[in-house]
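The values are calculated or read from the model by the stated rules, or taken from the named source; none is laboratory data. Source: prediction; values computed, not measured. Note that we place each Cβ from the backbone using ideal geometry, even for glycine, and neighbour counts take in every protein chain shown. Accessible surface areas use protein heavy atoms only, side chains included; no ligands, DNA or RNA. Shrake-Rupley method; radii C 1.70, N 1.55, O 1.52, S 1.80 Å.
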Amino acid sequence: AGIVRLMPELVYPPVIAACKTMFKDLDLRLTVEGSHHVPRTGGAVLACNHIGYLDFIFCGLGALDSKRLVRFMAKKEVFADKIGGPLMRGMKHIPVDRGAGTASFNAAVEVLKRGEVVGVFPEATISRSFTVKELKSGTARMAADANVPILPVAVWGTQRLWTKGVPKNLTRRHTPITILIGEPMQPGE
């Protein structure tokens, strides 16, 4: 009694391995800076800009040095996909109903309070201009409710692989991808 048993991660590790193999095969030029800012324990919110459909993969890559798996908030439609849905659920990502976001907000706060890392895209959609759009307030409110830091994350280069309005090119080789993780910020500072 009182012992929390964590379910083993059966899906996330093989997905990470597959992605790393793909990155190596494509000879992506990955640069990760600031990964030491991701705490090794305790909850945290990774707040990332959003320029391409694969941003979550690269944002999550920034947490691997700290041996953390990131639970991303993603629109519920992704969870309905016959391939993507089981993967998203298996990696314990959090579905977001854009019309009724309270349940997903509360789920994310609970995940943070359990000491996990949650990834969010505060713009709530891909920026077609590749500049940061107006940020939604949920990221800061979620971090404040869970009393965890927010780590700003910037990705660049993912738009060259797959973004809105442009045919995806998942075979593009030698693409430079940059992931920058900033210092933790406490909500309200």
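Remarks
- The value obtained for the chain, namely the Cα convex hull volume divided by the number of residues, is 131 Å³ per residue.
- Sequence of Tyr53, Tyr12 from largest to smallest accessible area, 1.4 Å probe: Tyr53, Tyr12
- Rounded percent of accessible protein surface that carbon and sulfur make up, segment 1-157, 1.4 Å probe: 59 percent
- Solvent exposure of segment 10-73, expressed per residue, is 45 Å² of accessible area, with all protein chains present and a 1.4 angstrom probe.
- Debye, to nearest 20: dipole size of segment 1-131, +1 on Lys, Arg Cβ, -1 on Asp, Glu Cβ: 300 debye
- Between the listed residues His174, Pro187, Ile51, the Cα displaced farthest toward the positive end of the dipole of segment 48-189, a dipole computed from Cβ unit charges relative to the Cα centre, is found at His174.
- Within the chain, the longest run free of trypsin sites (Lys or Arg not before Pro) that sit in a DSSP loop with at most 10 other Cβ atoms within 10 Å is 83-172.
- Amide H contacts of Thr163 (H built 1.01 Å from N, under 5 Å, at least 5 apart or other chain): Tyr53
- Segment 84-147: C-alpha gyration tensor shape, a/c 1.5 cut-off, then a/b vs b/c: oblate
- Cβ-placed point charges (K, R +1; D, E -1), dipole of segment 63-189 about Cα centre in debye, nearest 20: 600 debye
- Estimated from helical segments only, the mean residue ellipticity of the chain at 222 nm is -8000 deg cm²/dmol, where each DSSP H run of four or more residues counts as -39500 (n - 2.57).
- For segment 115-189, a crude dipole built from +1 on the beta carbon of Lys and Arg and -1 on the beta carbon of Asp and Glu, taken about the Cα centre, is about 680 debye to the nearest 20.
- Cα centroids of segment 122-189 and segment 22-46: 13 Å apart.
- Ligands, DNA and RNA excluded, the heavy atoms of Ile83 present near 110 Å² of accessible surface to a 1.4 Å solvent probe.
- Lysines with Cα under 16 Å of Lys20, excluding same-chain neighbours fewer than 8 positions away: Lys67
- Dividing the mean sequence gap of close Cα pairs (under 8 Å, 6+ apart) by how many residues segment 91-189 holds gives a relative contact order of 25 percent.
- Distance between the 7 Å Cα→Cβ label points at His174 and Asn147: 5.2 nm.
- Relative contact order (%) - criterion: Cα under 8 Å, at least six apart; region: the chain: 34 percent
- Antiparallel bridge percentage (DSSP; both residues within segment 55-189; nearest 5): 45 percent
- Phi-derived couplings, Karplus 6.51 cos²θ - 1.76 cosθ + 1.60 at θ = phi - 60°, listed residue by residue for segment 73-83: 8, 9, 4, 4, 4, 5, 6, 8, 5, 5, 9 Hz, with x used for Gly and Pro.
- Lys133-Val15 pseudo-label distance in nm [points 7 Å out on the Cα-to-Cβ vector]: 2.3 nm
- Spin-label pair Met185/Lys92, simplified geometry with 7 Å Cα→Cβ offset, distance in nm: 2.8 nm
- Taken one residue at a time, the phi angles of segment 35-43 give Karplus couplings (6.51, -1.76, 1.60, θ = phi - 60°) of 4, 5, 6, 6, x, 6, 9, x, x Hz. Gly and Pro are set to x.
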